[in-house]
1. Would you confirm whether or not the stretch 123-136 contains a residue that is of a type outside the set (D, E, K, R) and within 26 Å of Val246 (Cβ to Cβ)?
2. Out of all the residues in the stretch 300-310, which are assigned to a helix (DSSP H, G or I) and buried (at least 21 other Cβ atoms within 10 Å of the Cβ)?
3. Please work out if Ser164 is touching a residue at least 40 places away in the same chain (Cβ under 8 Å), surrounded by fewer than 24 Cβ atoms within 10 Å (Cβ to Cβ), among the polar types (S, T, N, Q) and closer than 30 Å to Ala450 by Cα.
4. Can you spot a residue in the stretch 57-71 that is within 16 Å of ligand 1 (Cβ to nearest atom), in contact with a Leu (Cβ under 8 Å, 6 or more places away or on another chain) and under 28 Å from Gly282 (Cβ atoms)?
5. Can you work out which of the residues in the stretch 429-462 that are basic (Lys, Arg) and surrounded by 21 or more Cβ atoms within 10 Å (Cβ to Cβ) is farthest from Arg506 (Cα to Cα)?
6. Among the numbered criteria (1) under 19 Å from Asp348 (Cα atoms); (2) over 13 Å from the mean Cα position of the chain (by Cα), which single criterion is violated by Thr295?
7. If you go through the stretch 1-18, how many residues are without any contact (Cβ under 8 Å) to a residue 60 or more places away in the chain and within 22 Å of Pro126 (Cβ to Cβ)?
8. Does Ala240 satisfy the condition of being modelled with pLDDT under 95, part of a helix (DSSP H, G or I) and away from ligand 2 (no atom under 16 Å from the Cβ)?
Amino acid sequence: MPHFDNRWLRELPGDTCTQNHPRQVHEALWSTVTPEAAPNPRLLAHSREVAELLDLDEATIRSRDWLGALSGNSLLAGMATYVTCYGGHQFGTWAGQLGDGRAIFLGEAVNAQGKRFELQLKGAGPTPYSRHADGYAVLRSSVREFLCSEAMHHLGVPTTRALSLVATGKTVIRDMFYDGHPAAETGAIVCRVAPSFTRFGHFELPAARGDTALLQKLLDFTLDRDFPDFAHTHPDERVARWFIEVCERTARLIVHWMRVGFVHGVMNTDNMSILGLTIDYGPYGWIDDFDPLWTPNTTDAAGRRYCFGRQPDIARWNLERLADALSLIAPDPGALAEGIERYDTTYDREFRTAFAAKFGFTGWRDGDDDLVETAFQLMYRGEIDMTVFFRTLGQVDLEVPDIDSLRDAFYAGAKFRAVAGELATWLQRWRQRIKSDGRPNDRRLSAMNAANPRYVLRNYLAQQAIERAEAGDMTMIDELLETLRHPYDNQPGKEVFAARRPDWARRKPGCSMLSCSS
Ligand code: AMP
Ligand code: MG
C-alpha cells in the first residue's frame, strides 16, 4: 500500500466554497468535491504494472476496500477528493475556465521508493467544473482510455497510466453522434495515474485573469514537486530554463506519436501535460493507411486542425500559448523564445533519430530526407498501412528486393499497381542505403523490429473489445492488454491483432471516426 501525501491540497490555495455547483473559481487552484456513489461497482480490468508501481498486490487491488476507492464509493486512509482549476485554448480559441469536469483526484500516492503519483477517477460524477455536462464517462470511452494508456506505455511513449476500469452500475445517456438520438450506455470509471496531471491550461487561466500571484505560486509548486532538478537554477533564469525543458519534452512526445502513428484528436492546451505525457484519451485514433490529413475526431473533420500531420505544428502553437502565460512572471520574457527554438531543434533531431531507426539506418545522413520523404509520398498515394509497412520492410530480402513482400501493407490492389514501379525504384534506393551502413543483417532486422511495433491498438480492435464488453464479455480487453504488453515482439497466435484494418471497419463509427461524446 502506498501512503498518501497530498501536497497540491496542502501547499496551493483552495476554493472557499465547498458546494458542488458549476461556478467560476478565482484565486484558487482546487475545489473539494465528493464523488457520486456507484450503485453496483465491478472491477472489469486492471493493469498489474500500475498496481505494482503503487505497491498493490493482486489481492489488494481486488479487495472490497479498493473497489470502494476505485468506484468513488469510499476513501482509504490518506486519500482526499478534489478537482483542479484550469483553462485552455480549444480549437485555437481561448475558452476561459474549464477545470476537472469529471476527473476527481484521490490524492497523491507515494510508493515505497518515494515515487509520487496522482490518482484520478475519470467519470465519478459532477464537479464545480462540469459546466453543462454530467461528470460521467461511459464504458466505450473508458475502455479506450484504459487500453490505450497501457498500450502507449509499452510502446515506450510517455503517457498517463490506467490502474483500473470499473463499471459503476449507472446508466449514462449519450448522444454519440450529436444527431438527436441519445441512448443509454453503461457508466464506467478509469482510475488514471501520473506523477502530475498539471496541464498548460493550469498556467494559462491565472495568466488570463491577470492573477500573477497565483501563477507564481503554481510555478514555484510545480518546480518544487515535479521538477526538483530546477531547485538550484538562478531565480532570474528559472522560468525560461523550465520552459525549455517543457518544450523539449513536448517535442520528444510528438515524435513518439508520429513514429507509432498515434493521433491525439483534441490537442487543446488543456490537454497538454507539462511533463510531456500523452494525456486525455478522447477521440484519438491510430493511422491505418498513411494519411497526414487524417483526423479521428468528427468535430475536427472540417478544419483538420488536429490531423496526424499537423500535430508537430499544433504542439508548437500550444507551447507558444504557455509561453504567453509565463511571460507575465518571467524576469526576461524574451528568453522564452529560446524554448520554442529548442522545440524545433529537438523535434528535428529526435524525428531523424526515430525515423532512421524505423527505416533501418544506423543513423541519419544527408540525403536521407529525400529517401524518407519519397517513402511518405508513396505510402500516402498507395494508401499503405503504416504499421504493416514498417514492420514488413525489415523482412524484405536485400539480395532480391521484391515489392510483393510489401503487398500485405496495401488496402487496395489498384493502389498497389499504381505505385508498383515507383515502389520498386524506391526499394532499390533503400537497399543501397541499408547496404552502405554495413550492419549485419540480423542485427539490422532486430533493430528495425525494436523500432517498428507489430501491434498497436488499432481503432477497430478497440471497438471490437468495446462491443464485447458492452455485452458483458471482458476477455478481449484482457487479451488486447496482454498482447499490447509486448508490441514489438512476434507473438504466435496473435497474428489477428497485427493485421491491417479489415474492410468492414473502413467507415464504421468507432473504427474510422470518433465523436467527442464520451
Ligand atoms: P476534453 O476536451 O474532453 O479534454 O474536455 C474539455 C473540458 O470538458 C474539461 O474541462 C473536461 O473536464 C470537461 N468535460 C468533458 N466531458 C465531460 C463530462 N462528461 N462531464 C463534465 N465535464 C466534462
Ligand atoms: Mg481534457
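The values are calculated or read from the model by the stated rules, or taken from the named source; none is laboratory data. From a predicted model like this one, the values you see are computed outputs, not experimental measurements. Here Cβ is always computed from backbone atoms with ideal geometry, including for glycine, and neighbour counts include all displayed protein chains.
1. The initial filter retains those residues of the stretch 123-136 that are of a type outside the set (D, E, K, R), namely 123-130, 132-133, 135-136.
Checking the rest, the ones that are also within 26 Å of Val246 (Cβ to Cβ) come to 129.
Taking every residue of the stretch 123-136 in turn, at least one turns out to be of a type outside the set (D, E, K, R) and within 26 Å of Val246 (Cβ to Cβ).
2. We begin by selecting, within the stretch 300-310, every residue assigned to a helix (DSSP H, G or I); these are 300, 308-310.
If the condition is that a residue be assigned to a helix (DSSP H, G or I) and buried (at least 21 other Cβ atoms within 10 Å of the Cβ), then Asp300, Phe308 are the ones that fit.
3. No; evaluated as a whole, the condition is false for this residue.
4. No: the stretch 57-71 contains no residue that is within 16 Å of ligand 1 (Cβ to nearest atom), in contact with a Leu (Cβ under 8 Å, 6 or more places away or on another chain) and under 28 Å from Gly282 (Cβ atoms).
5. Quick first cut of the stretch 429-462, residues basic (Lys, Arg) only: 429, 431, 433, 435, 439, 443-444, 454, 458.
Now narrow it down to the ones that are surrounded by 21 or more Cβ atoms within 10 Å (Cβ to Cβ): 454, 458.
Numbers: Arg454: 20, Arg458: 12 Å.
Filtering the stretch 429-462 for residues that are basic (Lys, Arg) and surrounded by 21 or more Cβ atoms within 10 Å (Cβ to Cβ), the one farthest from Arg506 (Cα to Cα) comes out as Arg454.
6. Among (1) under 19 Å from Asp348 (Cα atoms); (2) over 13 Å from the mean Cα position of the chain (by Cα), the lone unmet condition for Thr295 is (1).
7. So the answer is 2.
8. Spelling it out, it is not the case that Ala240 is modelled with pLDDT under 95, part of a helix (DSSP H, G or I) and away from ligand 2 (no atom under 16 Å from the Cβ).
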